[in-house]
Structures are given as C-alpha cells and as structure tokens.
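Heads up: the structure comes next, in structure tokens.
What follows draws every value from the coordinates through simple rules; no lab data is involved. Only a predicted model underlies this, so the values are computations on that prediction, with no experimental measurement involved. Ideal geometry is used to build each Cβ from the backbone, glycine not excepted, and the neighbour counts take in all protein chains shown.
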Amino acid sequence: MDDIRVLWVDDEIDLLKPHIIFLEKKNYNVSTCQSGTEAIELLEDENFDIVFLDENMPGLTGLETLNEIKAKNATLPVVMITKSEEEYIMEEAIGSKIADYLIKPVNPNQILLSLKKNLDHSRLVSEKTTSSYQQEFRKIAMDMAMVNSIEDWVELYQKLIYWEIELENIEDSGMFEILESQKVEANSQFGKFIDKNYPNWFDDDAPVMSHTLFRRMIMPEIENQPTLLIVIDNLRYDQWKAFEPILSNHYKKQKEESYISILPTATQYARNAIFSGLMPADMERLHPNLWKNDNDEGGKNMFEAEFLDAQFKRLGLQLKWEYHKISSLRAGKKLAENFRSQKDNDLTVLVYNFVDMISHSKTDMEVIKELASTDKAYRSLTQSWFKNSPLLDIIQQAQQLGFKLIITTDHGTINVKNPSKVIGDRETSLNLRYKTGRSLTYEEKDVLAARDPKSIHLPTINVSSSYIFAKGDLFFAYPNNYNHYVNYYRNTYQHGGVSMEEMIIPFVVLSPK
C-alpha cells in the first residue's frame, strides 16, 4: 500500500491515541490537530488523502470547518465524527458532501472500514470484478464451444456485454483486453453458426426475425392499453443497457427479449422488413411501388407507414394508429410539444433516427470520431444523448398518459477494425459491411456469401447478382486507393454484416410507473 496520509481533527485528540496507534500499525500515516482553524492551515501546506473531522469543537465547528475544506479542495474525502444523532446535523453534513458519517464512540474497525470504503473502494471493486470475470472466462470459453442454438448465442452475447460493462470501470486494462479477444472469438464462431443456419430460418420453427417481429412479438402486446412503439434506429443491446437506468425512473420493465435481424443488417432491408412483415424479395414482388433496390435512386425507407398499413390489413388488425419518424432535434421537439394528441391511439409508432446519425456522422465528423472511438465511449455518448433528448420528454409524457412502452431497433452496429479486399463492377452497392452485384471477387474466409439471393429471400437485381456479408469486425475495401480508404474507415461504426452486435436485437416491454 502507498503511504496514505490521514488528518484527524478532534479537540480531544489525546483520547484517540489507541485508534491512531492501531492505524499506524496498518501502515497509515496519521497527523493530528485539535481545531478547525489548525486543520485548515495544515491543509494549505500539506497534502492528505482523507480527513476525520469531529463535529463538536470549540471555535470553528465541524460543519464550518467542512465548508472551508470543501471550498479549497472539493474532492478531498472528509469523514464526519459526532456524538450527536440529531437529524439536522446529519442533513447538513450529507448536504455538504461528506464521504462518511460515524457516531461516537467509534471503534478502530469502524475507522478502518471507512478508510477502505473511501480510499480502497475502486481497488477492491476492481480486484473482485477481475477475480469474478477470471472465473467466468473459463465458463464462457466452455459455453462457446458448446453453443448450438440461437437462444444460446443470445445468452452468451448478453453475458459478454454484462462483463464488458462491469470491466470498463476497473483499472486492469489487461482483463479488458482478454474480454475483447473473447468477443472477437465469439463473433468468429457466431459467423460460422449463421453461415450454417440462416438459410433454414424461413419456416415455422425459425427464431423471431425482422419480418416476423410485428406478428409474433409486437401484436400480442397491443391490447386494451394505448401503446407507444419506439424503434430507435441502430441501437445495440449494450446501448440499451446504458440508458435503461434513466428510463427506470418512469417505467417498469415487464420483459426483455431478443430477436434476430435479417441480412443485410441495414436499414433499408431490416427496418422495411419490420414494417412490412415481409422479406425483401416479397416486398419487391408484392409492393414494387414501395420497394427500392440498392442501385435505385431515392430514399430507401420512405414508405414505412404504407408498409405498416398493408401489414395491418393482411393481419386483419383494426387499430387507431399513427406513425412518426424523427430525424432531427427540431422534429423531436415538435412531437414532444404535441404528444398529448396521441392519447386516443391504440398504437403510436415512433422511428427515432438519432443513434443512426451519431454512428454515420462518426465517419464524417472528426468531433464525433473523437467522442465515440471505443464501445465504452459510444455507450456514454448514447446515454448522454438520451438524457438530453426530446425522446426522454416524449417517454415521460407517455408514462403520464398511461401508455405501455415497447423499445426496440432494426439492427445494431459494430466498430470495424480490419479491411477485407473486394472487387466489383460499377453497379456494386457501396455499403462497407455487405455488397450486392455481379462478378464479385472477395476473400472467401471473410464473408458469408449468398450466390443465390432467393435462397435467403433477397431481391435479385440482375440474373447473376449475389450478396456477400462481412463477418466479425471486417469492412470491405477496394484495391484502388486502398490505404487512404482503410485509414478513413477503420475504427468507425458500420452495419450490414454478420456479428452478434448487428444481429442480436433488444426488444423491451415496459409499463408506466
């Protein structure tokens, strides 16, 4: 242990000699003084790690001394020690941001516990977390070798995210690197699992996917209570976990499940599939006026309300509903101002694009690139956005109006690290995580390839068109101007490919508090 310096301030300091000897035997360096004035003078000349402060002293009282100390050094932990249990003194002390509060007579172990709680807390938490993850690491490694269902993969992914969030605040970067390598290995195995199983997921035994989400998971929730369905574009499971605590002030979680995004994990495919209840090949066939392929001009998600209306008719649903898409702060504020007008709807559907804006603008805006350089920073940015967004205002109003709340997304996103070379003609789509076109040349090991798009219910733009999806943290790069391209896009957030982050989607149902 480094030399920890304790300042103990008490007008009867001589009576505390046994306590001081006890702490010195534990290698704490203890200085003493007998008045608040003396303490303030000492703190101006010397550095201490913590102060024990008697509340009832002649001259400057403990509370007055506390205020003086905090004015000069707001971060110095101060432990208040008092004979009095009067509530107003406790409130005054706590309001002044004391680190701990002890009632006399104190015993040496109470003092030691307070020291550990305030000075060793982060180290002790770090050691406990590290030790727990080391035990769990072996179990996760064993689980990974035995995973053979999508339910197992969901559980494994959630476990990895749990430990990622636990480990992000500890000082042992080595542990975090071990977890990162475990995630990379998991995504490698997940890619093989999807490669093998995805083509078989279009029958009655399939997991819930984008095109069956409404029928199988959303529809059963729309009963006798107005429901607000929020589709936050591009929201990963870990980002949901980052702002869940803010939401818990207003809503109580009823269920948290996952569904699987279709491929490509891109907005025009996955989100249109949610609203239409159809796979892209069927959208193109049944709604040629609404569906646009990659190489068609114009916006690819312009007709979500029309797709949803057609799905409701197909399902025989008689609902009073409205659809809103929010792509700017101004539009969010406008809906928040008028949200009461939704109170008579059975269903209000809200697509909120802000998270997508963060991730895409990250490739174009250096400021965002700096702010979201890691998954930890990306979670923090999402949390900060949510806390200050009109969306939180809308959710608070929904709670007051008694709305049930459903939060989900269309696909996730992954921080891409490694390039994979691909060659295609000028008609080839531009996305970094998937490509569709003719005569694609690529590294076989890096991709999930669909040479016959019909087999996975995707449109065929040309007779010889195929699709490829990048696995893990890869992104596609053309050989020309390769280095510039790679440096520009490496460590940016992209979607469209095969990874746990992009395909395993949170679906949460909440009831108003």
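Things to note:
- Straight-line cross-link reach from residue 17 at under 23 Å between alpha-carbon atoms covers these lysines, not counting any fewer than eight positions away in the same chain: 25, 26, 83, 104, 116, 117.
- Label-point separation in nm, residue 202 to residue 327, each point 7 Å along Cα→Cβ: 3.0
- In the chain, the longest principal axis of the Cα atoms and the axis of helix 267-276 are about 80 degrees apart.
- Counted residue by residue at 0.36 nm each, then reduced by the alpha carbon distance between them, the extension gain from residue 29 to residue 371 reaches 119.0 nm.
- Potential extension, residue 112-residue 181 segment - 0.36 nm per residue separation minus Cα distance: 21.0 nm
- Relative counts (whole %) of C-alpha pair distances in segment 123-200, using bins that are 10 Å wide: 18, 49, 24, 8, 1
- Residue order, fewest to most surrounding Cβ atoms within 10 angstrom, among 463, 416, 154: 463, 154, 416
- The ellipsoid equivalent to the alpha-carbon distribution of segment 357-513 has semi-axes of 34, 21, 12 angstrom, derived from the gyration tensor eigenvalues as √(5λ) and listed largest first.
- A straight line joining the Cα centroids of segment 451-499 and segment 373-429 runs 20 Å.
- Residue order, fewest to most surrounding Cβ atoms within 10 angstrom, among 275, 48: 48, 275
- Neighbour-count order for 106, 9, 508, fewest beta carbons within 10 angstrom listed first: 106, 508, 9
- For segment 415-494, the Kirkwood hydrodynamic radius from C-alpha pairs, put into Stokes-Einstein at 20 °C and a viscosity of 1.002 mPa s, yields a diffusion coefficient of 167 µm² per second.
- For segment 4-119, the fraction of C-alpha pairs more than 24 angstrom apart is 15%.
- Relative packing of peptides 324-336, 257-269 - highest average C-beta neighbours within 10 Å first: 257-269, 324-336
- Part-to-part distance (alpha-carbon centres) for segment 220-240 and segment 139-199, which is given in Å: 25
- Our Cα-only numbers for segment 146-299 put the radius of gyration and Dmax at 18.3, 56 Å.
- Difference of contour (0.36 nm per residue) and Cα-Cα distance, residue 44 to residue 289: 80.6 nm
- Helix 121-146 axis versus longest C-alpha principal axis of the chain: approximately 30°, rounded to the nearest ten.
- For segment 263-361, the set of GluC sites (Glu not before Pro) satisfying both a DSSP loop assignment and a count of at most 12 other C-beta atoms within 10 Å is given as 297.
- Between the beta carbons of residue 302 and residue 67, assuming R0 = 56 Å, the FRET efficiency works out to 0.40 to the nearest 0.05.
- Taking the centroid of alpha carbons for each part, segment 260-284 and segment 22-50 are 66 Å apart.
- Where the Cα pairs of the chain fall when distances are cut into 20 Å bins, in %: 20, 42, 26, 12, 1
- 0 to 90° range, to nearest 10: angle between helix 173-197 axis and the chain longest Cα axis: 20
- Near-label residues of segment 454-497 by backbone N, under 16 Å of a point 7 Å along Cα→Cβ of residue 427: 454, 459-468
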